[in-house]
Amino acid sequence: NAGVMQNPRHLVRRRGQEARLRCSPMKGHSHVYWYRQLPEEGLKFMVYLQKENIIDESGMPKERFSAEFPKEGPSILRIQQVVRGDSAAYFCASSPLEGREQYFGPGTRLTVT
Amino acid sequence: AQSVAQPEDQVNVAEGNPLTVKCTYSVSGNPYLFWYVQYPNRGLQFLLKYITGDNLVKGSYGFEAEFNKSQTSFHLKKPSALVSDSALYFCAVRENAGNMLTFGGGTRLMVKP
């Protein structure tokens with residue numbers, strides 16, 4: 001049973017470009033969570049999605065950031081017009097049911113130059 | 001609002017000695033408490049959780065944690081540390097009806113041979 005998959009593992013973007021981060025949850029998991037980790041800091045919640053629905057986006061910046069979890073395919077975290085402050089590790093987690101423990105992917109390390 | 005505090009940025013311990021990594025939390029409802037470990041350039045690995053029941057919870061790799069409601073603490077412990085335990089440890093809390101995990105800032109554990 002493969003774990004949570006994230007790709008790419010490393011992403012370099014210039015300021016102003018778009019970044020797309022993908023997350024495939026564990027088999028049988030329909031709940032996906034995105035977190036951001038700045039250097040030497042803990043993880044900060046961004047958004048919680050179920051298939052085709054955003055349940056809680058209270059941690060998402062109001063502009064340039066969006067997330068989706070379509071009926072088919074991976075969850076996507078999209079950052080438009082990236083800035084240097086977006087450089088961070090972005091982790092995806094999944095769980096089989098609401099309220100169960102979350103299993104984390106290896107993360108995508110975004111570097112904005 | 002829920003919060004987690006890990007008061008120590010780093011804990012140093014000699015191999016074979018017992019270790020404790022401290023965590024205190026604040027939630028308005030019943031807490032669900034978790035410990036995760038992160039190795040360099042890797043995602044978070046789940047160690048253990050407290051939902052209800054016995055205050056002493058046993059987890060992976062010989063780790064355990066004690067829930068103390070009066071002190072709102074959930075300290076991580078291991079009777080005999082290994083060099084391979086050296087990593088970054090995160091405590092997290094979730095209210096029983098909530099979705100998002102709130103993480104502490106992390107504690108770096110260094111086990112010296």
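Please treat every number below as a calculation from the coordinates, not as lab data. Keep in mind the model is a prediction, meaning the values are calculated, not measured. Please note: Cβ atoms are built from the backbone with ideal geometry, for glycine as well, and neighbour counts cover all protein chains shown.
Listed conditions (1) over 25 Å from B:PHE90 (Cβ atoms); (2) among the hydrophobic types (A, V, I, L, M, F, W, C); (3) in a loop (DSSP other than H, G, I, E, B) are all met by A:MET26, apart from (1). Of everything listed in (1) loosely packed, with under 13 Cβ neighbours inside 10 Å; (2) within 12 Å of chain B (Cβ to nearest Cβ); (3) in contact with a Ser or Thr (Cβ under 6 Å, 6 or more places away or on another chain), the single unmet condition for A:PRO39 is (3). Restricting attention to region B:24-69, the residues that are touching a Ser or Thr at 6+ places or on another chain (Cβ under 6 Å) and part of a loop (DSSP other than H, G, I, E, B) add up to 0.
All of (1) in a loop (DSSP other than H, G, I, E, B); (2) closer than 26 Å to B:GLU95 by Cα; (3) in contact (Cβ under 8 Å) with a residue 12 or more places away in the chain; (4) out of contact with any Lys or Arg (no Cβ under 8 Å at 6 or more places or on another chain) hold for A:VAL47 with one exception: (1). Taken over region B:4-32, the criterion of being within 11 Å of chain A (Cβ to nearest Cβ) and either among the hydroxyl-bearing types (Ser, Thr, Tyr) or surrounded by fewer than 17 Cβ atoms within 10 Å (Cβ to Cβ) (or both) is satisfied by B:ALA5, B:ASP9, B:TYR32. The criterion of being without any contact (Cβ under 8 Å) to a residue 40 or more places away in the chain, among the β-branched types (Val, Ile, Thr), out of contact with any helix residue (DSSP H, G or I) (no Cβ under 8 Å at 6 or more places or on another chain) and at negative phi does not hold for B:VAL93.
Selection of strands (runs of 3 or more DSSP E) fully inside region A:70-113 by the criterion of at least 3 residues being of a type in the set (Gly, Ala, Ser) and within 11 Å of another protein chain (Cβ to nearest Cβ) returns A:88-95.
When region A:60-69 is filtered for residues that are of a type in the set (Ser, Thr, Tyr) and within 14 Å of chain B (Cβ to nearest Cβ), nothing remains.
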